[in-house]
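See structure below.
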Amino acid sequence: MVDTAALLSESLAAIAACDSSTALEEQRVTLLGKKGTLTEALRTLGGADPETRKTLGAALNQIKEVITDAIEAKKLELAGRELDARLKTERIDVTLPARPIPNGRIHPVTRVIDEIAAIFAEMGFTVATGPDIEDDYHNFTALNIPESHPARQMHDTFYLGRQWTVDGEQKNNRQPSTINRPLLRTHTSPVQIRTMQNGKPPFRIIAPGSTYRCDSDITHTPMFHQVEGFVIDQHTHMGHLKGCVTEFLKAFFELDDVPVRFRPSFFPFTEPSAEVDIGCKRGKDEIKIGAGEDWLEVMGCGMVHPNVLKNCGLNPDEWQGFAFGMGVERLAMLKYGIPDLRTFFESDVRWLRHYGFDALDISSLPGEL
Ligand code: 2NL
């Protein structure tokens with residue numbers, strides 16, 4: 001005869017005594033498994049008389065249910081405790097400073113683009129990008145650059161691919177015709193052209209990226225970087241342009257008061273156009289920015305030409321704005337005292353170790369101010 005009361009109390013005590021999920025699982029098999037205590041007890045019912053079978057059967061099934069519930073509850077309790085223990089031993093302090101990364105530096109071009117983007121972000125500009133491979137229309141025509149403009153000549157622009165004549169005869173890469181041939185963008189203006197064509201004004205965009213010109217000497221590399229930007233609105237005027245550019249230069253060169261001069265100039269895509277100079281003092285081997293009797297050209301700008309607006313589907317009687325463009329390498333050389341442009345693209349790790357920036361030093365200007 002099975003002592004049900006003892007079976008129940010002993011089973012519950014054994015379950016309560018389990019101190020790990022593994023021990024509990026072993027206990028579950030001992031009690032409820034194929035050869036478990038309770039399973040065996042239930043099996044003895046076969047030989048019992050009908051009355052005993054009925055009462056004992058009911059009691060054993062009830063005990064089985066209580067034990068099953070107790071095991072489930074214990075399982076949850078142990079799982080919770082084991083998780084707590086794991087979290088305690090595997091805890092990591094995310095506030096600890098990261099270990100320094102011994103190799104890998106941020107290139108000055110990347111750094112300066114990040115700084116410029118951060119300054120313009122504070123003024124409400126967003127970053128737009130576009131393809132390096134462009135077509136004549138987006139790189140020249142839409143920008144009011146005439147067919148005869150020297151920049152369109154083979155020797156100033158990298159034209160790609162081959163050209164097919166009307167009768168399908170292939171001409172080689174040296175053929176002088178440049179009509180409709182893909183090209184490497186010579187400035188990032190096509191990004192703004194695409195922005196105007198595909199979006200709805202007002203716009204406040206900067207377009208950083210690689211640009212290409214067929215030119216290579218001490219002050220030119222065939223690939224270089226530009227940041228262009230523009231604001232198109234209904235009432236944006238030359239005063240906004242001057243304020244925006246001046247604030248940018250103050251933030252970029254980290255000077256409270258920098259002399260800025262707007263000198264009349266010409267670009268086919270702006271009218272009026274200006275070149276921007278900042279005050280500086282030229283020493284024997286260095287240029288000190290911010291004061292002095294000399295001037296240094298740092299960027300170009302102007303009011304977007306009505307023809308450019310028209311070419312992009314905007315009504316110049318309704319929309320107007322300013323645009324500007326700057327050379328990233330030139331600004332990097334001035335700000336960080338890098339003397340030679342060509343070293344930027346020599347991939348010399350010693351140069352990068354010296355002029356590059358720590359990957360974890362993310363103090364691009366405005367956040368730091
Ligand atoms: C420079 C001068 C400039 C622009 C770029 C621009 C773009 C559009 C319409 C009108 Cl879509 N203008 N860009 C305007 C003036 C100057 O760059 O010296 N860059 C290095």
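The modelled label-to-label distance for the pair S210/R53, using points 7 Å beyond Cα in the direction of Cβ, is 8.7 nm.
A simple spin-label model places the labels of N61 and L160 7.9 nm from each other, with each point 7 Å out along Cα-to-Cβ. If you wrap the tightest convex hull around every Cα atom of the range 4-89 and split its volume per residue, you get 69 Å³.
With angles folded into 0 to 90 degrees, how steeply does helix 4-17 sit against the dominant principal axis of the chain? Use alpha carbons for both and round to 10. In the chain, helix 4-17 runs at an angle near 30 degrees to the longest axis.
Restricting to the range 108-368, compute how many DSSP beta bridges are antiparallel as a %, nearest 5. Each step should come with its number before you reach the end.
Working: 47 of 49 bridges.
Antiparallel: roughly 95 percent of the beta bridges in the range 108-368.
The amide H of A359, built 1.01 Å from its N in the peptide plane, has I106 as neighbours under 5 Å, considering only residues 5 or more places off or on other chains.
Under 8 Å for C-alpha pairs, at least 6 residues apart: give me the relative contact order for the range 297-361, rounded to a whole percent. 28 percent.
In straight-distance terms, cross-link reach from K34 covers every one of the lysines whose alpha-carbon lies under 30 Å from its own, apart from those fewer than eight places away in the same chain; here that gives K54, K64, K74, K75. For the chain, adding -39500 (n - 2.57) for each run of n ≥ 4 DSSP H residues and dividing by the number of residues yields -12000 deg cm²/dmol at 222 nm. To the nearest ten degrees, helix 21-32 and the longest principal axis of the Cα atoms of the chain are 40 degrees apart.
Give the whole-number value, in cubic angstrom per residue, of the convex hull volume spanned by the C-alpha atoms of the range 265-369.
Details: hull volume 20.0 nm³, N = 105.
About 190 Å³ per residue, rounded to a whole number.
Take the alpha-carbon centre of the range 88-117, take the same for the range 29-79, and report the distance between them in whole Å. If we compute the Cα centre of each part, the gap is 60 Å. Our coupling estimate for the range 134-149, obtained by passing each phi through the Karplus curve with A = 6.51, B = -1.76, C = 1.60 and θ = phi - 60°, is 10, 10, 3, 5, 6, 8, 10, 4, 4, 8, 6, 8, x, 3, 8, 4 Hz, Gly and Pro reported as x.
Taking the centroid of alpha carbons for each part, the range 181-208 and the range 272-325 are 18 Å apart. Hull volume per residue, based on the alpha-carbon atoms of the range 108-368 and their convex hull, is 150 Å³.
For the range 92-98, backbone phi angles converted through the Karplus equation (6.51, -1.76, 1.60; θ = phi - 60°) give residue-by-residue couplings of 10, 8, 6, 8, 5, x, 5 Hz, Gly and Pro being listed as x.
Compute the FRET efficiency between A291 and R261 as 1/(1 + (r/R0)^6), taking r as their Cβ-Cβ distance and R0 = 22 Å, and round to the nearest 0.05. Don't jump to the answer; show the numbers that get you there.
Working: r = 13 Å, r/R0 = 0.61.
FRET efficiency, A291 to R261: 0.95.
Loop-located trypsin sites (Lys or Arg not before Pro) in the range 281-369 (DSSP state other than H, G, I, E, B) with a sparse environment of at most 11 neighbouring Cβ atoms within 10 Å: K284. For D361 and D19, the FRET efficiency from 1/(1 + (r/R0)^6), where r spans their Cβ atoms and R0 equals 56 Å, is about 0.65.
Restricting to DSSP loop positions (anything but H, G, I, E, B) with no more than 16 other Cβ atoms inside 10 Å of their own Cβ, which trypsin sites (Lys or Arg not before Pro) remain in the range 71-167?
Details: sites: K74, K75, R81, R86, K88, R91, R105, R111, R152, R162; in loops: R91, R162.
Qualifying residues, ordered by number: R91, R162.
Angle check, please: helix 189-198 long axis (alpha carbons) against the longest principal axis of the chain (alpha carbons), in degrees 0 to 90, nearest 10. It is inclined by approximately 60 degrees.
Bear in mind these aren't lab numbers, they're just calculated from the coordinates by the rules spelled out. Please read all numbers here as calculations on a predicted model, not as lab measurements. Heads up, the Cβs are rebuilt from the backbone with ideal geometry, glycines too, and the neighbour counts pull from every protein chain shown.
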